[in-house]
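Reviewing the structure listed below.
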């Protein structure tokens, strides 16, 4: 493959994915995995228990008259707590793996996991943007000339099962046909409205 065939989109996305992949290699698979679990788990738990935590903070630590602020503080506190615990557990497991002599394998899979994670994020973003008419008209040429774009589009479409037709505007003038039996008992005026104008 000729390097000259890569455009700015390929270079930008490729560079970011490789750099973040190297970061994943330095952290190792275990740290990367537990970090992701901490983010997802933190949001999941905090979104469901933020109100209860806010009430505890209001009762035990300091009082606020703003329920929304209390809920936000509860969310942030719970999210941070879950994430910190998850990262700490990941660091412990990562240290144990390095002590066992499997640090190289942990780093190798960390590179694959870290780079792959951000590749899929870009795939979802590119797939969504490529189906927005305004974006496609303005930057479509970069998509067409890109080497990575077909792979990103394929991966993104598979992940979200996205059909380009789903972005098309629905026809607001669609006529719904009603059978005579479905309008029995209706007032004649209501029946005419339901049937619509021919």
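We did not get these values from a lab; they are worked out from the coordinates using the rules stated. Worth saying up front: this structure is predicted, and the values here are computed from it rather than measured. Counting neighbours? That spans all protein chains shown, and the Cβs are built from the backbone with ideal geometry, glycine included.
One table, with the values for the structure above:
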{"read-out": "Peptides ranked, highest mean first, by Cβ atoms within 10 Å: ranges 40-46, 62-68", "value": "40-46, 62-68"}
{"read-out": "Anisotropy class of segment 52-130 from Cα gyration tensor, a/c 1.5 cut", "value": "oblate"}
